[in-house]
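Accompanying notes for the structure given below.
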Amino acid sequence: EAGLSRSPEYAIVNFEVADSSAEKISKTWSAWALIKYPQEEKQKILDRWNASIASINDLKKQENKIPIQFALTMKTSDGRAQYRNGETITFNVLSDVDCYLVLLDHQSDGTTVLLFPNRFQKDCFVKKGQSVSIPSSVGQSFALTVGSPFGDDRVEAIAATKKSVLHSVFADLSDELSGGQSMAVVQRGIFVQGLSSAMDGPADAELKWSRAELSLSTYAK
């Protein structure tokens, strides 16, 4: 329900083979192994998995407030969903209408990183049919490099045909970046508040919304 998929990282690790045997009966081999698996290792995996599910399910409740009224697609440039420390990630977003876009990374520690707009891509307006790369591959830009906190992140693209309260809030944050920051980092509540203000505002028949999301897993090694 959370949209998570199991990865090799959830396989049994740091176990001890206590005993094993193999025998051939006629033309068929059979084998067995007795594995001792530390409970603390299992608990680490379960704790991360449960925390990820709880965090993502909470975000899905917020995402469900946003209607999908036009086509918006998002993917990683290499098609992957699992990354290790030090690797880089690029996102590609495509809309079938002119719109205003924000791209958010809801991290496992409860913070939200504003991936777009950013220091080098301050205009959140996106043209119909024009794929946007984040970070941009044109001109001076920055790299999205995997680092802590590691865990399961929810990356979310939210678009509207008019500049909503939500888009204005995040555009202002990107304008206020200082000290060489490439992206703004906020607490999850800022996103929830901005989304609620946008969704609860006066009805506008001309305002159309859409969203796209994906889950990424990041690891220390």
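Below are the figures for this structure:
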read-out: Ala18-Ala51 FRET efficiency (beta carbon distance; Förster radius 30 Å; 0.05 resolution); value: 0.45
read-out: Anisotropy class of the stretch 63-110 from Cα gyration tensor, a/c 1.5 cut; value: oblate
read-out: Percentage relative contact order, the stretch 41-125, counting C-alpha pairs under 8 Å, at least six apart; value: 22 percent
read-out: Amide H contacts under 5 Å for Asp98, placed H, 5+ residues apart; value: Lys128
read-out: Nonlocal amide H pairs with Phe120, under 5 Å, H built at 1.01 Å; value: none
read-out: 0 to 90° range, to nearest 10: angle between helix 39-63 axis and the chain longest Cα axis; value: 20 degrees
read-out: Selected from Asn92, Asn118, Asn64 as most flexible by GNM, with the chain as the system and alpha-carbon contacts under 10 Å; value: Asn64
read-out: Residues whose placed amide H lies under 5 Å from that of Ala184, excluding near-sequence neighbours; value: Leu114
read-out: Contact order normalised by residue count of the chain, Cα under 8 Å, 6+ apart, percent; value: 25 percent
read-out: Span from the the stretch 177-221 Cα centroid across to the the stretch 73-150 one, whole angstrom; value: 12 Å
read-out: Length added when fully stretched, Ser196-Ser131, from 0.36 nm per residue minus Cα-Cα; value: 20.6 nm
read-out: Shape of the stretch 29-73, Cα gyration tensor, a/c cut at 1.5; value: oblate
read-out: Net charge of Cβ neighbours under 14 Å - reference Leu195; Lys, Arg +1; Asp, Glu -1; value: +1
read-out: Cα gyration tensor category, rounded, prolate or oblate, for the stretch 56-180 with a/c compared to 1.5; value: rounded
read-out: ³J(HN,Hα) computed for each position of the stretch 155-163 - Karplus, 6.51 cos²θ - 1.76 cosθ + 1.60, integer Hz, glycine/proline x; value: 9, 10, 9, 10, 10, 9, 6, 10, 6
read-out: Computed E for Val138/Asp58 - FRET, C-beta separation, R0 35 angstrom, nearest 0.05; value: 0.45
read-out: Calculated from backbone phi, Karplus (6.51, -1.76, 1.60) coupling profile of the stretch 74-83 in Hz, x at Gly/Pro; value: 9, 7, 7, 5, 9, x, 8, 10, 9, 9
read-out: Residue-span extension gain [Leu214 to Asn85] - 0.36 nm each, minus C-alpha spacing; value: 44.5 nm
read-out: Helix-only CD estimate at 222 nm, as mean residue ellipticity for the chain, using -39500 (n - 2.57) per DSSP H run (n ≥ 4); value: -7000 deg cm²/dmol
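Values quoted throughout were computed directly from the atomic coordinates according to the rules given, and no laboratory measurement underlies them. Small disclaimer: the values here were computed from a predicted structure and weren't measured. Backbone-built Cβ (ideal geometry, glycine too); neighbour counts: all protein chains shown.
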